[in-house]
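Bear in mind these aren't lab numbers, they're just calculated from the coordinates by the rules spelled out. All values reported here derive from a predicted model rather than from experimental measurement. Ideal geometry is used to build each Cβ from the backbone, glycine not excepted, and the neighbour counts take in all protein chains shown.
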Amino acid sequence: MKYPIIAYGDPVLRKKATAIEPDEYPHIKELVNDMFETMYNARGVGLAAPQIGLSMRLFVVDATPFDDEEPELANFKKAFINAQIIDETGEEWGFNEGCLSIPDVREDVYRKPTIKISYYDENWKHHEDTISGMAARIIQHEYDHIEGKLFTDKLSPLRKRLIEKRLGDISKGAVKVDYRMKFPNAKKGR
Ligand SMILES: [Zn+2]
């Protein structure tokens with residue numbers, strides 16, 4: 001099942017998401033599959049639960065499109081439950097990021113290259129991994145979502161000012177997008 005993706009401006013994208021208990025979500029694998037389906041349909045490489053309106057600490061990542069540059073990403077498809085980034089290290093590097101909740105906006109974002117992260121997978125197996133490069137960047141972006149942050153928060157005041165109107169337009173639904181979205185400030189149909 002594909003969910004509509006929540007657009008910029010919805011308060012759910014600004015809430016710090018809450019941890020999940022295993023018995024609370026017996027169908028977590030189904031939800032994870034639906035999130036991958038929703039993400040692939042929108043040609044994304046990551047999707048966080050708040051982006052489908054669920055304020056819970058869950059996100060999915062598939063970094064395989066980047067395996068030409070980083071061959072070790074060939075099978076990097078993972079779900080992250082109750083993730084905690086323990087450490088971020090290295091010299092910050094820039095990359096032009098986008099977000100399925102903010103269509104048509106791409107900006108250079110600077111992040112540290114290596115993270116240490118603790119999380120559970122969809123089988124409730126615990127992991128503590130050190131991850132670098134593009135996979136780390138995607139995880140940092142998705143992790144920000146479960147903390148109620150967006151990549152646009154990291155821009156300079158000037159860049160923020162330059163995209164302000166487009167962000168407002170997105171929240172009203174004034175953007176062309178070929179996947180289903182939910183716009184917080186859309187005018188109701190007459
Ligand atoms: Zn995003």
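Here are some notes:
- Report note on the peptides 155-161, 136-142: ranked by the mean count of other C-beta atoms within 10 Å, highest first, their order is 136-142, 155-161.
- Between the amide H of E97 and those of E107, D108, V109, distances stay under 5 Å, these residues lying 5 or more places away or on another chain, with hydrogens modeled in the peptide plane.
- What separates the Cα centres of segment 164-188 and segment 8-30 is a distance of 23 Å.
- Multiplying the residue separation of R14 and S132 by 0.36 nm and removing their Cα-Cα distance gives an extension gain of 39.8 nm.
- Of all beta bridges that DSSP places with both ends in the chain, some 90 percent have antiparallel geometry.
- Under 19 Å of direct C-alpha separation, and excluding same-chain neighbours fewer than eight residues apart, K187 reaches these lysines: K165, K172, K176.
- Cα principal axis extents for the chain, largest first, Å: 49, 40, 29
- Only Lys, Arg, Asp and Glu carry charge here, each on its Cβ (+1 for the first two, -1 for the last two); on that basis the chain has a dipole of about 1380 debye about its Cα centre.
- Using the rule -39500 (n - 2.57) for each DSSP H run of four or more residues, divided by the residues of the chain, the 222 nm mean residue ellipticity is -7500 deg cm²/dmol.
- Look at the dipole of the chain built from charges on Cβ: of V105, G46, L31, the Cα furthest out on the positive end belongs to V105.
- Label-to-label distance for E164 and D178 is 3.3 nm, based on points extended 7 Å past Cα in the beta-carbon direction.
- The residue list L162, H126, L58 was ranked by how far each Cα lies along the charge dipole of the chain toward its positive end, using unit charges on Cβ atoms, and L162 comes out on top.
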